1. What angle do you read, to the nearest 10 degrees and between 0 and 90, between the alpha-carbon axis of helix 182-203 and the longest principal axis of the chain?
2. Between L178 and K17, what is the FRET efficiency for a Förster distance of 22 Å, r being their Cβ-Cβ separation, to the nearest 0.05?
3. Mind sorting I254, I341, I118 by how few other Cβ atoms lie within 10 Å of their own Cβ, fewest first?
4. From the phi of every residue in segment 6-21, what ³J(HN,Hα) in whole Hz does the Karplus formula 6.51 cos²θ - 1.76 cosθ + 1.60 yield, where θ is phi - 60° and glycine or proline is x?
5. Kindly put C7, C15 in sequence by how many other C-beta atoms sit within 10 Å of each C-beta, fewest to most.
6. For a quick check: sort F49, F204 by the number of other beta carbons within 10 angstrom, fewest at the front.
7. Determine the dipole magnitude for segment 1-105: charges of +1 sit on the beta-carbon of Lys and Arg, -1 on that of Asp and Glu, nothing else is charged, the reference point is the Cα centre, and the result goes in debye to the nearest 20.
8. Which of K65, K162, K251 moves the most in a Gaussian network model of the chain with Cα springs under 10 Å?
Amino acid sequence: MIKIYACGGAGITLCVKMMPVLKENSNKEGFSEFKFNFLDTTDKNIQHFRINDNDVHIFKDNSFKSRFIDGSGSERRLNFDLISNGINDFLDNKKIANDEKNINIIIYSSGGGSGSVIGPLLHSKLLELNKPVLSFVIADTSSLGLIKNTINTLQTLGNLIKKHNKPVVVNYKVNNELNDDYKKSMEQVDSNILKDLNILSALFNKDLYNLDLQDIKTFLDYSYLKSLNIPNDLVELKISNKNIELKENEKISIIRTMSDSETSPEHNVKNVLHWKYGIISKEEVFETFKEKLPIHSYLVHNSLIEEIKRLKYLMDKNKEDFNKLNNFNFDITNEMDNVLINDDGFIL
Ligand SMILES: Nc1nc2c(ncn2[C@@H]2O[C@H](COP(=O)(O)OP(=O)(O)OP(=O)(O)O)[C@@H](O)[C@H]2O)c(=O)[nH]1
Ligand SMILES: [Mg+2]
């Protein structure tokens, strides 16, 4: 089963939309079942939908002098302690430590103040418990605040590598960069995430011959491959039913499907650190993806480190343009130095 943890406004809005489609596919042979959990610091994003109370976790301040909480207002520091103190209750309540059979997917935006804290905290806890886990991160570069939160969220995820001695796997999308029209671009991100989850649902399911749960665990946490000694990294998980196009020096790991008639993979071995295939016996699965190409999921090493560099450059460039335009000396680079790093490696 795939467990989805929808965190904060973006995660919740998106998952509420996708839930009926993914659940419908769940009933078909060859696809995984999905279970959804919703986590936030406010109930604003869920109150209008019919969601079972058991699947919802709202972080509240239960201390003696309790503070009324209703969101984080894009400030990641505001509710960090509250979320950090409350996350174990959630894990205990869901008996996640005993959960041996599921793949965990956490979905959140990196630009807000709640999901971008809940998501990485949950990712960290699941790594600590040795569970297969990956994050879907929805970034945004349409304001300095969104860029700054995104840089800090990605760097926080990067810090989990050292803490757990494991790679951190992230599927990364940017809200405003696919189309000039912001709303359309966001819709494209939403539909790409749905498509990715559909493909994962076919790849991470129990009916795939030759691909078992340990293969998927090893794919997501390649520190299991002790003899290969691949450096732990902030790896980007890409998902596709098109042929993989790689840049010259890109290194990847792959899991993919093959049909009975295929004999060899189409990729070039010099770029591939590790690959594993499963055989789909159900033609309907291929039909869902309209093409008979292999479906695959692959990890690209180093690409998110490059993305952090790009975001820092974007930040500096925007600051310069802003200052020029306003004849103002607004030094957001210093602002970048003004970050809090706590003992858990969280950059806030
Ligand atoms: N693609 C997509 N992006 C969304 C959606 N809803 C919100 N976002 C993006 O999410 C970012 C804002 O973060 P939210 O997820 O709303 O913030 P939050 O985690 O609820 O945190 P706070 O509201 O600050 O407590 C912006 O970049 C929005 O564009 C959605 O349905 N789809
Ligand atoms: Mg919110």
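1. 40
2. 0.80
3. Ranking I254, I341, I118 by Cβ neighbours within 10 Å, fewest first, gives I341, I254, I118.
4. 8, 10, x, x, 5, x, 5, 4, 5, 5, 4, 5, 7, 3, x, 5
5. Starting with the residue having the fewest Cβ neighbours, the order is C15, C7.
6. If I rank by nearby Cβ atoms, fewest first, I get F49, F204.
7. Computed about the Cα centre, the dipole is about 140 debye.
8. Greatest mean-square fluctuation among the candidates belongs to K65.
Every number here is computed from the coordinates shown, using simple stated rules; none is lab data. Note that this is a predicted model, so its numbers are computed, not measured. We place every Cβ from the backbone using ideal geometry, glycine too, and count neighbours over all the protein chains shown.
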